[in-house]
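One structure is given here, and the rest of the page talks about it.
What follows draws every value from the coordinates through simple rules; no lab data is involved. Given the structure is predicted, the values throughout are model-derived calculations rather than measurements. Because the Cβ atoms are built from the backbone with ideal geometry, glycine has one as well, and the counts that use them run over all protein chains shown.
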Amino acid sequence: MRRFLLIAAAAIVAVGCSNQNAVPAHSAEDQKAIDELSKMSPEKQIERIQNGPMPESAKAAMIQKVKDKAGIK
């Protein structure tokens, strides 16, 4: 469960936040989760986001960014 939460948190960091100038601070463990997530297919990233503990609005925004980056409609 902890690993899943780290991946969900990493997804938020990887996709971005509302303050474009903020530099998110994260641990080596967080970086590993971010790297793992970035190696997944867009479909797998979307699945992880959908199953995550985030608010629906945050999930929708993250999923849209993954789709835009991958060229998925």
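Annotation note: GluC sites (Glu not before Pro) in region 21-73 located in DSSP loop regions with a Cβ neighbour count of at most 16 within 10 Å are absent. Remark: the residue 44-residue 60 segment gains 4.3 nm on full extension, using 0.36 nm per residue and subtracting the alpha carbon distance.
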